[in-house]
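Bear in mind these aren't lab numbers, they're just calculated from the coordinates by the rules spelled out. What you are looking at is a predicted structure, and each value in this text was computed from that prediction instead of being measured. When we count neighbours, we look across all protein chains shown, and the Cβ atoms used for this are built from the backbone with ideal geometry, even at glycine.
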Amino acid sequence: MQKTRLFTLLAAAFPGLAGCAAIDRDANADALARPAGLQRMLIKTDPFALTTFARIRDPGQPVTIYIEGDGLAWLSRTEVSLDPTPREALGLALASVDQGANVVYLARPCQFTARAKNPTCGTPYWTGKRFAPEVIASMGQAIDQVLTQAPGQKINLVGYSGGGAVAVLVAASRKDVASIRTVAGNLDHAEVNRLNKVSPLSGSLNAVDVASQVARIPQIHWSGMADRTVPPAIAERFRQAAGSACVTARTVPGATHETGWKERWRELLSQVPGCG
């Protein structure tokens, strides 16, 4: 019963799961990245190999880093996916719209990367341990490697859905984060799962628990007013936990968990996070 309920939640976030096997997810990602000048790379960290798409044109400017959502965790109501690569990578779609000089997309562990190159991968890392300490550490290592192309620069973090949680958790252990933006961010997975009546994540850190640690970083958390998967109350809950004028929660009319974002992203991105 718990798996059935969890699949229902994921199906709301990723419509058409049953037909996704016919989608060439790598080709879809390449089609998004190529026109934007984003080049595919593989970054080796401990313990994961992470797929990235990057465009570094001016090493003297900050780097904006996009972090993907949770991807395809389940194939059916009872069957866990063997490959969490997203059917339609919304985090990458947002990155493809960004016209900044330095834009980097980070897939989550086990997405877009063959198992042979990523032997650590296993289903816990896209189910209960999706925000495990080793996942967050791996993403931080990947960012460090990206910054060798723009040494000494600040970073702006953008996270979609579960990638929003990763962005916050990564920021909590860094001193070089200039801003955080999340889109439909799962900033309190315990509350999200409670609202959706699914089992809590086992072995995962929770972004809301570090809200006070990142409270001085300028940030905007966008929620879709029609999002039934991660409703606007989650971003507001995080804002209250942070208790800072640097943290803003905003809603976007008509947007759901997975629609209404790419076409608005250029305008939303022009809204600069600030304090006060």
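Hey, got the dipole for the stretch 136-276? About the Cα centre, +1 on K and R Cβ, -1 on D and E Cβ, debye to the nearest 20? Each step should come with its number before you reach the end.
On the way: 14 positive and 10 negative charges, 32 e Å.
Computed charge dipole of the stretch 136-276: roughly 160 debye.
Using alpha-carbon pairs under 8 Å, 6+ residues apart, how would you state the relative contact order of the stretch 2-269 in percent?
18 percent
What residues qualify as long-range amide H neighbours of G224, i.e. H under 5 Å apart, gap of 5 or more or another chain, H built at 1.01 Å from N?
The list, which skips near neighbours in sequence, is A184, V252.
Towards the positive end of the charge dipole of the chain, with charges on Cβ (+1 Lys, Arg; -1 Asp, Glu), say which of T256, L147, G203 has the farthest Cα.
G203
Can you give the FRET efficiency for T259 and E79, using 1/(1 + (r/R0)^6), R0 = 22 Å, r = Cβ-Cβ distance, to the nearest 0.05?
It comes to 0.30.
Would you compute the Debye intensity of the stretch 2-269 from its alpha-carbon atoms alone, equal scatterers and no solvent, and pass along log10 I(q)/I(0) at q = 0.11, 0.14 Å⁻¹ to two decimals?
Each listed q maps to, in turn, -0.53, -0.91.
Hey, got the dipole for the stretch 2-269? About the Cα centre, +1 on K and R Cβ, -1 on D and E Cβ, debye to the nearest 20?
The dipole of the stretch 2-269 has a size of about 160 debye.
What net charge do the residues around V208 carry, taking every other residue with its C-beta under 14 Å from that of V208, with Lys and Arg at +1 and Asp and Glu at -1?
-1
Read phi for every residue in the stretch 135-150 and hand back ³J(HN,Hα) as whole Hz from Karplus 6.51 cos²θ - 1.76 cosθ + 1.60, θ = phi - 60°, with x for Gly and Pro.
5, 5, 4, 4, 5, x, 5, 4, 4, 4, 5, 4, 6, 5, 8, 9
Out of N206, N196, N186, any idea which swings most in a Gaussian network model of the chain, alpha carbons joined below 10 Å?
Maximum among the listed residues: N196.
Of all DSSP beta bridges in the chain, what percent run antiparallel (nearest 5)? Walk me through the numbers on the way to the answer.
Working: 12 of 37 bridges.
In the chain, approximately 30 percent of DSSP beta bridges are antiparallel ones.
For I67, what residues show an amide H to amide H distance below 5 Å, using hydrogens built from the backbone and excluding near sequence neighbours?
Those qualifying (amide H under 5 Å, at least 5 residues apart or on another chain) are L106, V158, G159, Y160.
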